[in-house]
Amino acid sequence: MKPAAFDYAAPTRLADAIDLLVAHADAEPRVLAGGQSLVPLMNFRLAQPGFLVDLQHVDGLSDIRLTDDELVIGAMVRQSTAEESADAAAGAPLLVEALGHVAHPPIRNSGTIGGSIAHADPSAELPAVALALDATMTAAGPGGERRIPAAEFFRGPFETALGPDEILTEVRLPRRPGGHAFVEHARTHGGFAVVAVAVDLAVDDAGTVTRAAIALSGVGPTPIRATATEQALVGTVPDAESIRSAVAATVAVLSPAGDVHGSSETKVDMARSYLRRGIELALDRAASRR
Amino acid sequence: MTTVDRPTPPVRTHKAERTWVGKSIRRVEDPRFLRGRGGYIADLVLPGMLHAAVLRSPHPHARIVSIDTSRAEAAPGVHAVVTGAQAAELTDPLPDFGPNPAAHTWRCLAVDKVRYVGEGVAVVVADDRYLAEDALELIDVEYEPLPPVVDPLAALADDAPLVHEPLGSNCAYDRTFEFGDVAGDFERADVVVTDQLRWHRSGGQPLETVGAVAEHDPATGGFRVHTNSLSFTSYLFMVATALKIPANRLDIVPMPAGGSFGSKLFVTKPLVIAAMCARLTGRPVRYLEDRVDNMANCDHHGSDRHYDVRMALTRDGKITAIDIDTVDDYGAYIQFGVGHHGNALAQVVGPYTIGSVRYRVRAVLTNKNQQGAYRGFGSEVNNWMLEQMVDKAARELGMDPVEIRRRNFIRSFPHFIPTGNVYDSGDYDAVLDKTLELGRYEHWREVQEQARAEGRYIGIGLITAQERSVFSATEFWFWFDEPGAPVTSMPESVTLKVDATGAITATLYSCAFWGNSPETMVAQLVAEEFDCDPHDVSVVYQSSKNGLPATGPGGSRTTVMLAGAVEGASAKIKEKARRAAAHLLEADPDDLEWRDGGFEVRGVPEKRKTLSEIAIMLHLFKHSFDEDVESGLEESKVFDHPYTTMPSADRKDLGVFYPFMGHACHLPVVEVDVETGVVTFLDYAAVHDCGTLVNPRSLAGHIQGGTAQGIGTALYEEFVYGPDGQLQTTSYLDYPIPTSLEVPELKIGHVETPSPWTPHGIKGGGEGGRMMAPAAINAAVNDALAPLGVRITELPLTPDRIRAALRAAGHGS
């Protein structure tokens, strides 16, 4: 379990990092953020990049900014930093709750927000959060900067809209008051999610759902939105029965792949249960915050 | 039943007042290991040392058509590439206690065909492990895939592909043993309970994997090998044979094992690979498995059994007989034979007065990594099977789980069970009473009832089971009519040295540090003898070269055996010291008594000599003594198994082979989330009786840790081989191990029923937690699901299995 040989650079400026990706394109370069996913893959030799561009000394990628409209998190913000950030808690409590499920504290001390999103593991927590919150990803490349909505960002397992010479620099999360919940089943604490559910919704004074955004991880090649459930909830005052049928609308079309942690049927059972729990918890919180 | 002569050893009297034995002193090992000064295989760097890496088979079953190593040999930093065929020239087969070893030859690398995913086909030796792994990718192997043998039941079919052609079958062993009047007992039974059960394979997961650093001395042709094998003296001659050298040319130096749980019992393959490469390259070589090597290729997967069981009972719940038919999937080789079933037969009837036993075992070879040793060595599987049967019987008879157990407890000791093994002592009611109180059984039954009314599923597991200790090796050969052998003595040795200042050093043989507390335990036993502070006793480990007879840890034998050796060596030292003191005090030796760290004239406390006063005289002033007194104060004791007897010739009585019988009761309380199949613990009480306690705190650590592993076995861990023979769990991503967040803090209690036949009345307790927890947790989950009509008889109880069972019972969503 030792990686194949590779070259390595640790630039301090974003422009230099991009130049390195361009210059070493033939070596199938990879960007190294916190290294908590890429390095194990390299040790298993499942990834054999010829060149690593380490972002940890690059200026300007590690800030957390909270404005009236959004929370902007630099791609190199460590997961534990975001987890402890008052701005993050105020701007995106769903993100902070999800971070508590990302591996273990020592891993979160190195792992980054941007690294996890750009890695796009279909079982990971943060991509589901980005999708549920309609986050926008900022990518910098040789042609300048562009913004990619979460709905277009995740393309497949470990596959994103980022080009080979692009670097994810920040994640912009719109501030949306209401109730949130992040619930998941992992075989053991800190393990990858078998099924994870991110819920972000709002209710009015009458208890009517005015907005619902729900994403799942672990049940498809990318995180997916529970659109049918969202639509069934919005405009209603949910009760146990209507939540059950709203959940059923999504569950009916799920066909997750079975693996050693669960058959497809069991994953569907889990999705059903965790969707319900997530929605109930988010509704409780939304109501209590009104 | 054929009766054999059943002599029992003389009953010992145990010291009533003990100073150190029984005290929860701090572990003497801790300062070294907690500060990262343990010194493991990966820490050992020898000048000029090279690194080996093994190319693993990607196929479960394939013929090796050709191997081209030329590109690998030309790679940077590569010193040697050895294929299986070349290794077969350089080494002989590895030691194998299985039936008919010549028909399923086990070698350090595969030769003609590979028999499981992960089996080694070649080894690269390079300047570092990185370069070695680079070169592995340059070895070109042409395989001709063969149909894999995966399902052990299908493997028994006449037309199944063969794992080992010379064997002519995939069944390496098939025999039925009858102990007592099984047919009659079933005929007379009021009730016969039957069931099928399935225990899947898992394995010990040490922090450091298995490895060796070998040095070859071309002048003598000998080797010095540093390895984290638990036991080495006892198998020295076997690995020496594999290396084609006389055993007196091999010195094995023990290294601390970063955990073993049985999985480092005998380090054979990594040792032979490292030594073979060292001899070939003329340089020291380290071969240390990486995690994937260890999971796929460690030769120490655990039991993997199918059971068909019948139990005969009277209407009032008295168990009269049990008829067990088990198929055990051993994987591609069978290094320890079916010794795992000897462990089962040592305590096959549990704590119950069952009168007759039929036991059929079929050992099946398949395309998987082979079984080795894992905490419990197969007895934990028997405990689980038996307790499942007892619970099922209770359910069918409408009895409470507590009541049926009390109805059947053995209460008079020593008790010979039908297989011939003996239970030395016990008080099962006391253990049960204490557990029910500690675990608040009645309280949880009330909570359970309330919860059920709310649609929540809480379950209470209660099991009472045995914890055998101190094996005799007869269990490895009584399977066969031939060869017969005398009883094996399985010795363990200690040297005690009192230096000129009176400080004591204890030397251990064939006993590596494996994560337990051997030094603490020896220090306490020495302190008990000499009235010193155990933290002042120095404990060192001897390599095999200057070793005394020893067997090594295994089968929860270490504490009892080392206690006997310490006792014997101490007696010799005291005898010499008594004579010296008598001389110095001008007293009759018979008038002296040992008191508070020295000898004094009985009734005249001012006439005394402390051990250090005696020691300095014996070390430096020998001429003060009689002519036949030699300088120094150092003695050794080789302590042999205190009680083992021959099996009968017809094998209807297997004799005494595991006589020091501990006992435990576990009482976990769980909640099952029926929507997701997730099990969480609400409470867990565990009470153990392993005779006289040496260190209650370290035993509690054993129980906590063993139970954590048992939780892994019960709920999480499984080596999964797909129908194509691929190992799907080659990292901790797919093989989940419970962490501190999954494992509840146990309520631990102890009962002490001393053994009549061991020093201080000690019994072994190293494996107890894992021998109980799987049975207890399965019972708890089944108790939780009982109102839903669901009972699960397959471990581990993953959310997937629980949900599948619930769906099958109509609880879809």
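The values are calculated or read from the model by the stated rules, or taken from the named source; none is laboratory data. None of the values given here were measured: they were computed from a predicted structure. Note: ideal-geometry Cβ built from the backbone for every residue, glycine included; neighbour counts use all protein chains shown. Only protein heavy atoms, including side chains, enter the accessible area calculation; ligands, DNA and RNA are left aside. Shrake-Rupley method; radii C 1.70, N 1.55, O 1.52, S 1.80 Å.
Select the strands (runs of 3 or more DSSP E) contained entirely in the stretch B:241-327, then report the ones holding at least 3 residues which are farther than 27 Å from residue B:37 by Cα and aliphatic (A, V, I, L, M).
Fully inside the stretch B:241-327 and qualifying: B:305-313.
Among A:265, A:241, which is open to solvent by 50 Å² or more (accessible area, probe 1.4 Å), more than 24 Å from residue B:733 (Cα to Cα), of a type outside the set (Gly, Ala, Ser) and assigned to a helix (DSSP H, G or I)?
Residue meeting the stated conditions: A:241.
Please verify whether residue B:299 is of a type in the set (Asp, Glu) and surrounded by fewer than 23 Cβ atoms within 10 Å (Cβ to Cβ), treating the condition exactly as stated. Spelling it out, it is not the case that residue B:299 is of a type in the set (Asp, Glu) and surrounded by fewer than 23 Cβ atoms within 10 Å (Cβ to Cβ). Only a single item in (1) in a loop (DSSP other than H, G, I, E, B); (2) farther than 19 Å from residue B:271 by Cα is not met by residue B:65, and it is number (1).
Name every residue in the stretch B:791-813 that is more than 33 Å from the chain's Cα centre (by Cα) and more than 9 Å from chain A (Cβ to nearest Cβ), in order of residue number. Passing the criteria: B:808, B:809, B:810, B:811.
Counting only residues that are charged (D, E, K, R) and under 28 Å from residue B:374 (Cα atoms), how many does the stretch B:548-579 have?
1
Restricting attention to the stretch B:309-326 and to residues that are open to solvent by 10 Å² or more (accessible area, probe 1.4 Å) and touching a strand residue (DSSP E or B) at 6+ places or on another chain (Cβ under 6 Å), the residue that is nearest to residue B:163 (Cα to Cα) turns out to be B:325.
Scanning the stretch B:718-732 for residues that are at the interface with chain A (Cβ under 7 Å from one of its Cβ atoms) and surrounded by fewer than 18 Cβ atoms within 10 Å (Cβ to Cβ) returns B:720, B:728.
Can you spot a residue in the stretch A:186-203 that is away from every other protein chain (no Cβ under 14 Å) and charged (D, E, K, R)? Yes, the conditions are met somewhere in the stretch A:186-203. Taking helices (runs of 4 or more DSSP H) as the structural unit, those lying wholly within the stretch A:69-140 and holding at least 1 residues that are among the charged types (D, E, K, R) and modelled with pLDDT of 95 or more correspond to A:79-84, A:86-91, A:93-99, A:105-110, A:125-132.
None of B:748, B:737 is under 27 Å from residue B:697 (Cα atoms), within 14 Å of chain A (Cβ to nearest Cβ), among the β-branched types (Val, Ile, Thr) and open to solvent by 40 Å² or more (accessible area, probe 1.4 Å) except B:737. Taking the condition aromatic (Phe, Trp, Tyr), surrounded by 14 or more Cβ atoms within 10 Å (Cβ to Cβ) and within 14 Å of chain B (Cβ to nearest Cβ), does residue A:51 pass? Spelling it out, it is not the case that residue A:51 is aromatic (Phe, Trp, Tyr), surrounded by 14 or more Cβ atoms within 10 Å (Cβ to Cβ) and within 14 Å of chain B (Cβ to nearest Cβ). Number of residues in the stretch B:453-478 that are of a type in the set (A, V, I, L, M), in a helix (DSSP H, G or I) and touching a helix residue (DSSP H, G or I) at 6+ places or on another chain (Cβ under 7 Å): the value is 0. Just checking, does the stretch A:36-46 include any residue being assigned to a loop (DSSP other than H, G, I, E, B) and away from every other protein chain (no Cβ under 14 Å)? No.
Only residues that are closer than 13 Å to residue A:246 by Cα, facing another protein chain (nearest Cβ under 8 Å) and not hydroxyl-bearing (Ser, Thr, Tyr) were counted in the stretch A:256-275, giving 1.
Residues are listed down the side, and each one gets a yes or a no for (1) within 21 Å of residue B:376 (Cβ to Cβ); (2) away from chain A (no Cβ under 14 Å); (3) open to solvent by less than 10 Å² (accessible area, probe 1.4 Å):
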site: B:666; (1), (2), (3): yes, yes, yes
site: B:686; (1), (2), (3): yes, yes, yes
site: B:692; (1), (2), (3): no, yes, yes
site: B:705; (1), (2), (3): yes, yes, no
site: B:716; (1), (2), (3): yes, no, no
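The stretch B:108-222 holds strands (runs of 3 or more DSSP E) entirely within its bounds, and those carrying 1 or more residues that are touching a Lys or Arg at 6+ places or on another chain (Cβ under 7 Å), open to solvent by 10 Å² or more (accessible area, probe 1.4 Å) and closer than 29 Å to residue B:96 by Cβ map to B:140-145, B:171-179, B:211-217. Residues of the stretch A:1-35 being small (Gly, Ala, Ser) and either outside any helix (DSSP H, G or I) or within 14 Å of another protein chain (Cβ to nearest Cβ) (or both), which ones? Listed by number, the residues that qualify are A:4, A:5, A:9, A:10, A:33, A:34, A:35. Can you find a residue in the stretch B:39-56 that is of a type outside the set (A, V, I, L, M, F, W, C), touching a strand residue (DSSP E or B) at 6+ places or on another chain (Cβ under 7 Å) and either free of Cβ contacts under 8 Å to residues at least 12 places away in the same chain or open to solvent by less than 60 Å² (accessible area, probe 1.4 Å) (or both)? Yes, the stretch B:39-56 has at least one match. Quick check on residue B:159: is it closer than 30 Å to residue B:44 by Cα and of a type outside the set (A, V, I, L, M, F, W, C)? So residue B:159 fails the test.
Filter the stretch B:79-98 down to the residues that are in contact with a Gly (Cβ under 6 Å, 6 or more places away or on another chain) and either within 15 Å of residue B:285 (Cβ to Cβ) or open to solvent by less than 60 Å² (accessible area, probe 1.4 Å) (or both) and list them by number. B:98 - this is the single residue of the stretch B:79-98 that is in contact with a Gly (Cβ under 6 Å, 6 or more places away or on another chain) and either within 15 Å of residue B:285 (Cβ to Cβ) or open to solvent by less than 60 Å² (accessible area, probe 1.4 Å) (or both). Residue B:677 meets the conditions (1) away from chain A (no Cβ under 14 Å); (2) of a type outside the set (A, V, I, L, M, F, W, C); (3) open to solvent by less than 20 Å² (accessible area, probe 1.4 Å) in every case but one. The failed one is (1). Of all residues in the stretch A:216-227, one or more are within 18 Å of residue A:283 (Cβ to Cβ), open to solvent by less than 50 Å² (accessible area, probe 1.4 Å), of a type outside the set (S, T, N, Q) and assigned to a strand (DSSP E or B). Residues in the stretch B:637-684 that are assigned by TED's automatic domain parsing to the domain that holds residue B:460 and polar (S, T, N, Q): 2 in all. Return yes when residue A:225 is away from every other protein chain (no Cβ under 14 Å) and free of Cβ contacts under 8 Å to residues at least 40 places away in the same chain and no when it is not. In short, no.
Scanning the stretch B:479-513 for residues that are touching a residue at least 60 places away in the same chain (Cβ under 8 Å), more than 20 Å from residue B:233 (Cβ to Cβ) and not in a loop (DSSP other than H, G, I, E, B) yields a single hit, B:498.
Applying the criterion of at least 2 residues that are open to solvent by 70 Å² or more (accessible area, probe 1.4 Å) to the strands (runs of 3 or more DSSP E) found wholly in the stretch B:563-628 leaves B:604-610. Please count how many residues of the stretch A:174-185 are open to solvent by 20 Å² or more (accessible area, probe 1.4 Å) and of a type outside the set (Val, Ile, Thr). Count: 6.
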